[in-house]
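J.: After the structure tokens below, expect a handful of questions from me.
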Amino acid sequence: EDWAEAWKRYFKPERIGKIVIKPSWEDYTPNDGEIIIELDPGMAFGCGSHPTTSLCLKLLEKYICGGERVYDVGTGSGILAIAAAALGASRVVAVELDPVACRAAVENVERNRAGEKVRVVQGNLLDTVKDRADLVVSNIIASVIISLAPDAAEALASGGLLITSGIIHPRAGEVRSALEAAGLAVCEQLEDGEWVAIVAKKTS
């Protein structure tokens, strides 16, 4: 409990593109054009300050045009799912295996009044989803992304995009190869220090 409270002193509002991640206990006056996401990650991963999360947020802002169906695989705190909805996605399914993180994600969805667009589902990767998506976002680790690649390709509609991060630089080549083997064409790689995010498109 001491740790859970102590770390909050270091979590301050952070602007990533036009998105501002605001801790629920901090005051913040938004500027014109900013999208505010109020967050309490609790024990779940995802507060916006980690490079892998910020890379995904930048790419979501770039690629969401409006009306997309999105899967957020390994949603953690729900930050990427909530951001996708705020940026204009029409429907977001946020999948998370860990029940503690699921509860945090549900609370954050409610906190941001995103419940009409975002549904949190407890499950393993894409095992629980059925319909095709226009965009899949997943901020996990390289080995899981490699194993996820075929299912992500199957879950995407033609022309759909996979945005993925959690990849350390030395493993980026492996991930790219796995995505290409699954039928996804890599169209962008974004880096921040030792971390890499990759965007791949389903062309068939």
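Here, each number is a calculation from the coordinates, and none is a lab measurement. Keep in mind it's a predicted model, so treat the numbers as computed, not measured. Cβ sites come from the backbone with ideal geometry, for glycine too, and all protein chains shown count toward neighbours.
J.: So what is the calculated 222 nm ellipticity per residue for the chain, using -39500 (n - 2.57) for each DSSP H run with n of 4 or more, over all residues, to the nearest 500 deg cm²/dmol?
T.: Only helices count here, giving -9500 deg cm²/dmol.
J.: List the relative contact order of the chain as a percent without decimals, with contacts defined as Cα pairs under 8 Å and 6+ residues apart.
T.: 17
J.: Would you work out if segment 49-133 is rounded, prolate or oblate? Take a ≥ b ≥ c from the square roots of the eigenvalues of the alpha-carbon gyration tensor; rounded if a/c is under 1.5, else prolate when a/b is larger than b/c, oblate otherwise.
T.: Taking the square roots of the gyration eigenvalues as a ≥ b ≥ c, segment 49-133 is rounded.
J.: Measure off 7 Å from each Cα along the Cα-to-Cβ vector at H169 and T128, then give the distance between these two points in nanometres to one decimal.
T.: Taking the simple label geometry, H169 and T128 are separated by 3.7 nm.
J.: Collect residues whose amide H, placed 1.01 Å from N in the peptide plane, falls under 5 Å from the amide H of D40; neighbours closer than 5 in sequence don't count.
T.: Here the answer is S24, since their amide H atoms fall under 5 Å of that of D40.
J.: D for the chain, whole µm²/s, Stokes-Einstein with Kirkwood Rh over alpha-carbon pairs at 4 °C and 1.567 mPa s: what number?
T.: Rounded, D is 77 µm²/s.
J.: Hey, can you rank 124-133, 82-91, 18-27, 67-76 by average C-beta count inside 10 Å, highest first?
T.: The packing order, highest mean first, is 67-76, 82-91, 18-27, 124-133.
J.: Further question on the same structure: I'd like the FRET efficiency for E191 and S147, computed as 1/(1 + (r/R0)^6) with the beta carbon distance as r and R0 of 25 Å, rounded to 0.05.
T.: 0.65
J.: Under 14 Å from the Cβ of Q189, count the other residues' Cβ atoms, weight Lys and Arg +1, Asp and Glu -1, and hand me the total.
T.: Within the 14 Å Cβ shell, the charges total -1.
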